[in-house]
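For reference, the structure discussed in these notes is given below.
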Amino acid sequence: IGGAHRLTPRAIYDASGVEGRNIFLIRQAEVEASLRELPGIASADVHLRLPNQILIDVKELRPLVAWQVGAETVWLAADGAVVPQAGAAPPLTLVDATNTSLTGSDAWRHKVLAHLAELQVSHPELTTFGYGDPQGLYYQSAEGWEVWLGDTGPMGHKVTVAAGASAQVSQSRTQVKVIDLRFSDERALWW
């Protein structure tokens, strides 16, 4: 078994269903389909070799975010698939203050995951985010204020605009708690 990092080779072998079966009765496509049903598996390739060898090579999903809702934490890949909590932690953490069940709206969760994937590429220095109402997606700036990004727009660009606003706020020496980009991806409001 190759490619297993988060899942144990034994768990993959058990899920394959090949134990004790005659090699002539094993169907590669069926074994591959069974393995793709395992949480955290993106793809599986099965090769049969006579007289009695089965080679299994899996590609595991990489977690994007540790999504925290209340006391529950789930690791999710960029496509929304659940990834087993083993191995290296995801690069991002999202604390969901709405306390909405993770089994709720798939469309909403996929939208947030797409924004997080964009931010991980455009601003890898940001690793911890929150999600709330009315803020939408938000993070804590290095200066200590919250940056509210909302639910729409190019998130990477919004973070760049927020950095410019942070520089203006710092120069003006104004007391600020929030930089708000929920309704515009060109102009930031602050208070």
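Side notes on the structure shown:
- Fraction of accessible area attributable to carbon and sulfur, the chain (%, probe 1.4 Å): 53
- A straight Cα-to-Cα reach below 20 Å connects Lys177 with the lysines Lys158, residues fewer than 8 places away in its own chain not being considered.
- Extent along principal axes [Cα atoms of segment 86-159; Å; largest to smallest]: 34, 34, 21
- Percent of beta bridges antiparallel (DSSP, the chain, rounded to nearest 5): 65
- The residue among Gly156, Pro90, Leu55 whose Cα reaches farthest toward the positive pole of the charge dipole of segment 1-160, with charges on the beta-carbon of Lys, Arg, Asp and Glu, is Leu55.
- For the chain, the Cβ-based charge dipole about the Cα centre amounts to some 220 debye (Lys, Arg positive; Asp, Glu negative; other atoms uncharged).
- In summary, the lysines within cross-link reach of Lys59, defined as a Cα separation below 28 angstrom excluding same-chain residues under 8 places away, comprise Lys111.
- Segment 62-122 - share of DSSP beta bridges that are antiparallel (%, nearest 5): 60
- Along segment 129-143 the Karplus relation, 6.51 cos²θ - 1.76 cosθ + 1.60 evaluated at θ = phi - 60°, assigns HN-Hα couplings of 10, x, 9, x, 10, x, 5, x, 6, 8, 8, 9, 6, 5, 7 Hz to successive residues, with x for each Gly and Pro.
- Positive-end residue of Thr8, Val74, Val46, charge dipole of segment 1-96 with Cβ unit charges: Val46
- Magnitude of the charge dipole for segment 2-60, about its Cα centre and with charges confined to Cβ atoms of Lys, Arg (+1) and Asp, Glu (-1), is about 80 debye.
- Largest mean-square fluctuation among Gly87, Gly132, Gly164, in a Gaussian network model of the chain whose springs join Cα atoms under 10 Å apart, belongs to Gly87.
- Taking Ala167, Ala71, Ala33 as the candidate residues, the one with maximal mean-square fluctuation in a Gaussian network model of the chain, Cα springs under 10 Å, is Ala71.
- Per residue, the accessible area of segment 64-119 comes to 45 Å² when a 1.4 Å probe rolls over the protein heavy atoms.
- Highest-MSF residue in the chain out of Gly40, Gly156, Gly20 [GNM, Cα springs under 10 Å]: Gly20
- Rounded to the nearest whole Hz, the Karplus-based 3J(HN,Hα) values (6.51 cos²θ - 1.76 cosθ + 1.60, θ = phi - 60°) of segment 56-63 follow the sequence 10, 10, 10, 10, 8, 6, 9, x, with x at glycine and proline.
- Span per principal axis, largest first, for the Cα atoms of the chain (Å): 77, 27, 24
- Cα-centre dipole for segment 1-105 with unit charges at Cβ (Lys and Arg positive, Asp and Glu negative), debye to 20: 260
- Pairs of Cα atoms nearer than 8 Å and 6+ residues apart set the relative contact order; for the chain it is 13 percent.
- Residue among Ala114, Leu137, Pro124 farthest towards the positive dipole end of segment 104-153, charges placed on Cβ: Ala114
The values are calculated or read from the model by the stated rules, or taken from the named source; none is laboratory data. These numbers were taken from a predicted model, which means no experiment stands behind them. No Cβ is skipped: glycine too gets one built from the backbone with ideal geometry, and neighbour counts run over all protein chains shown. Just the protein is used for accessible areas: all its heavy atoms, side chains included, with ligands, DNA and RNA removed. Shrake-Rupley method; radii C 1.70, N 1.55, O 1.52, S 1.80 Å.
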